[in-house]
Each structure stands twice: as C-alpha cells, then as structure tokens.
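Note sheet for the following structure.
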Amino acid sequence: MKLIVCGKEIPISKSAPELSSITIQFTQLPAGNGLSDIGLNSTGAEQFEGGDIDAIYADYFRRVREIAATGLVDCLAHLDLIKIHGHRPNVEIDAIVNETLDFIRSRNLAIELSTAGWRKPINELYPADRIIELAIEREIPFTTASDAHSHAQLGDNFPRLAQKMSIFKIREACIFEKHKRDARVVCAI
C-alpha cells in the first residue's frame, strides 16, 4: 500500500511501527475554484482566500475519514488543523464532525489532544472543545502531544492541557507501542 503525501508516494504497511499516528495537514479545494491544494506547500492563511470555507471543511473531514479507513494508523493527530489560521465554517459542522467521529470510533482509533494549537494563530487546543465533547460521548480514547519541533517545545503547555483534561474529566491518555494501545491514568478527578 502507498500513502501519497504532497504528490509523493510512500510505501507503507500496517506493520510499520513508526506509523502509529498521523496528522492531517492538507486538503484539496473543490475543482474549478482556481486555487491550489492547501497543505504542506501552502503559504499560510492566504490559501483560504476566495475559497468556499464550508466546502473546504467538508473536504477536509472527508479526507480525515479516508485516512482513518486505510487501517494504517492508530491515532489521528491535529484532527481540526484546518482551523489553524482562524477560518471557521459559516454553517454548523456537527454533522460532518459526528460522521467523522463515528467512523473513528468504528475503527477503534484514538484522537490526539495537541497543545500545538496554542502556539498557532488560532491559539486553541487541537481539537476544539466541541469535538472533544463529541469524542467523549463516543468514548473515543485520547493521546497527548506537544508536537514539539524542537527540544524547547517538549511538553509545551502540558500544565494547561492537564487543566483542560480535568475540566473534561478525561482521566486516561493512551500510548501506543507497535500498534498496541495501552491506557494510562493521567489525572485524578
């Protein structure tokens, strides 16, 4: 099986121990809008200019479901990365988020709580509080991460994350080793 990232094919298999979680960092705008792909090669907030934000969100969450369907990942990271620059949909997205979370639950996957969003223009945890609430309703397990890109970012905002987890009464975070999930108690309620 191959994963295509930014037009490059990467051969992968479920036995690949390094592919336990994946971040969705791209989407493709609907055809005919005159804009290019959004993602790793993008230049930031301007990638959304002139696009139909609702269609972009729908496409983004469709792609999240596609990656979840591959069976290659155990955890989806930055579940709502699309909000990074503060662009919000004009319509209620609970339906597409619910569809995505139902699919994640049916695949027995986890979702990452990432503090990286607090370092971004959106200044918000990944995923948003509403998505966390909906995931809790479905008993979807969580992992935690700071998405450190340097040693200085290791554990960045973890006290704040612990407080957020306490508010949501999230007592466990899971870890993966060779695709085997293990839940660990992280805070007492």
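The values are calculated or read from the model by the stated rules, or taken from the named source; none is laboratory data. This one's a predicted model, so the numbers in the text were calculated from it and none came from an experiment. Every residue, glycine as well, gets a Cβ built from its backbone with ideal geometry; the counts of neighbours run over all protein chains shown.
Considering (1) over 25 Å from residue 175 (Cβ atoms); (2) touching a residue at least 60 places away in the same chain (Cβ under 8 Å); (3) of a type in the set (Val, Ile, Thr), say which one residue 70 fails and leave the rest.
(1) is the only condition that residue 70 fails.
Quick test for you: out of 27, 70, 43, pick the one residue that is over 22 Å from residue 146 (Cα atoms) and modelled with pLDDT of 85 or more.
Details: 27 fails: modelled with pLDDT of 85 or more; 43 fails: modelled with pLDDT of 85 or more.
Going through 27, 70, 43 in turn, the sole match is 70.
Show me the strands (runs of 3 or more DSSP E) found entirely inside segment 67-161 where at least 3 residues are farther than 18 Å from residue 45 by Cα and not small (Gly, Ala, Ser). Break it down into steps so the answer makes sense when it comes.
Working: elements: 75-77, 110-114, 142-145.
Counting at least 3 such residues, we get 110-114, 142-145.
Sort out which residues of segment 77-112 are in contact with a strand residue (DSSP E or B) (Cβ under 8 Å, 6 or more places away or on another chain) and of a type in the set (Asp, Glu), and write them in order of number.
80, 112 - these are the residues of segment 77-112 that are in contact with a strand residue (DSSP E or B) (Cβ under 8 Å, 6 or more places away or on another chain) and of a type in the set (Asp, Glu).
Identify all residues within segment 133-177 that are touching a Ser or Thr at 6+ places or on another chain (Cβ under 8 Å), modelled with pLDDT under 85 and either of a type in the set (Ser, Thr, Tyr) or farther than 12 Å from residue 115 by Cα (or both); write none if there are none.
Within segment 133-177, 146 is the sole residue that qualifies.
Has segment 106-127 got any residue that is over 25 Å from residue 158 (Cα atoms) and touching a residue at least 24 places away in the same chain (Cβ under 8 Å)?
Looking only at segment 106-127, we keep the residues that are over 25 Å from residue 158 (Cα atoms), and these are 106-108.
Adding the requirement that they be touching a residue at least 24 places away in the same chain (Cβ under 8 Å) leaves 107.
Checked against the condition, which is being over 25 Å from residue 158 (Cα atoms) and touching a residue at least 24 places away in the same chain (Cβ under 8 Å), segment 106-127 yields at least one hit.
Being under 15 Å from residue 130 (Cα atoms) and loosely packed, with under 15 Cβ neighbours inside 10 Å is the filter here; which residues of segment 100-119 pass it?
Matches in segment 100-119: 102 only.
Within segment 70-85, is there a residue that is surrounded by fewer than 16 Cβ atoms within 10 Å (Cβ to Cβ) and over 28 Å from residue 49 (Cβ atoms)?
Yes, there is a match, as at least one residue in segment 70-85 is surrounded by fewer than 16 Cβ atoms within 10 Å (Cβ to Cβ) and over 28 Å from residue 49 (Cβ atoms).
For residue 134, indicate whether it is surrounded by fewer than 19 Cβ atoms within 10 Å (Cβ to Cβ) and in contact with an Asp or Glu (Cβ under 9 Å, 6 or more places away or on another chain).
Details: surrounded by fewer than 19 Cβ atoms within 10 Å (Cβ to Cβ): yes; in contact with an Asp or Glu (Cβ under 9 Å, 6 or more places away or on another chain): yes.
Criteria met by residue 134.
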